[in-house]
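Participant: Take this structure, written in structure tokens, and hold onto it; I'll ask about it next.
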Amino acid sequence: MLADLFADKEIKRRCVYIKTSLQTAEKIISRVEKNDKYTVRARRAPPQGGLELAIDFEAADGDVDARLAELLAGAPISLVPSCGGVELAAEADGADRDALALTHDCAVPLLAAFALDDATARPSRPLEALVRDLGFGALRGALAPPRLELLRDYALARVADVRRRLAALPPGTPARFSTVMRRAAGRYDVALPHDDDEVLARLLPDSAAPWLGAVRALLGDRARRVKAGVVFSLPGAPAQPWHADGQHPLAADAWPEAWPERPNALCAFLPLVDLDDATGYTTFWPGSHRVPQRESLAHDLPTATPWATVPGKLAAGDALLYDYSVVHRGEANATEHTLRGIVYLIYANEGFVDSGNFAEATLPA
């Protein structure tokens, strides 16, 4: 009978975000470390000081309060139920409290990494392990400077040609063609034609692509490059919406318990300029590749939980490999004159279908 009472309770992953003093944070961390029901990550909270904690646990709807009471026992913390943490945090700032905790159902871990250095390949954690666990990983200094210069010249020549053709179109013509798509205001995706495969092979031979080992480890030895392009953001371009490039065809409600062994596809990013707060960069949500997109984007969680995302501040010549299903967005280009260009290479196995990213119409010469 007792088992029947609990049979209908749906166990969900919960996330708690806590911003508190060092003293209170230390007590909570000490409590969490003694209980394997919780996982916790922490980072400093400048400029006010203290710590930000992100704690994940699993509980049925009726058990959340008890679990939170266990977790926060004795801590002077105000609990705010939330699906939009930033807004509610602002509303609650006047409360008489030592800290604020925001809770919500969350399919994706919070604070899976603090900075890109936590997702950078090193001997102790190879690139394929980072991509498998976080959904992305970086390689510093992947391209030698002379090769980067050749790739930059080639890619920017393609971009200049496409911009010239777009400028010659009648005003109001949608930029939706087989070789270029407008992704958002001031943001364009230029496909590099298959005719250029030989050019790319000379510019980026396998011996000069250190991410290929991870591609084959994740996709298998028969994986190949199926598409290449340049995505560029003009000066003043705003941030784009959160999205995934594609959902895994095996995505189901059973995720993450039954997520597929292999990604559907992988994308390698090669920035042509340094990506910083001025030029903008691509921000990633670690772990979101293991969850159906509709769940990871529910309630606009990446915006509501900015501490959960990782800014992809790469230098020109670095590389970043990511799962096609990971949630990300391009941030604003706040410069006045710098075009932010990134070459991308998509890898997949035979049968991969990338629908919706380009149209069929041909861009007039």
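Participant: Looking at the range 1-35 only, could you name the residues that are modelled with pLDDT of 75 or more and farther than 14 Å from residue 72 by Cα?
Facilitator: 22 - this is the single residue of the range 1-35 that is modelled with pLDDT of 75 or more and farther than 14 Å from residue 72 by Cα.
Participant: Got a number for residues in the range 333-365 being among the hydrophobic types (A, V, I, L, M, F, W, C) and under 15 Å from residue 271 (Cα atoms)?
Facilitator: 5
The rows are residues; the columns are (1) over 21 Å from the mean Cα position of the chain (by Cα); (2) of a type in the set (S, T, N, Q).
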position: 120; (1), (2): no, yes
position: 142; (1), (2): no, no
position: 158; (1), (2): yes, no
position: 186; (1), (2): no, no
position: 203; (1), (2): yes, no
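Participant: Quickly run through the range 307-365 and pick out the residues that are part of a loop (DSSP other than H, G, I, E, B) and among the charged types (D, E, K, R).
Facilitator: Of everything in the range 307-365, those that are part of a loop (DSSP other than H, G, I, E, B) and among the charged types (D, E, K, R) turn out to be 313, 318, 331, 336, 350, 354, 360.
The values are calculated or read from the model by the stated rules, or taken from the named source; none is laboratory data. Note that the coordinates shown come from a computational prediction; the quantities given were computed from them, not determined experimentally.
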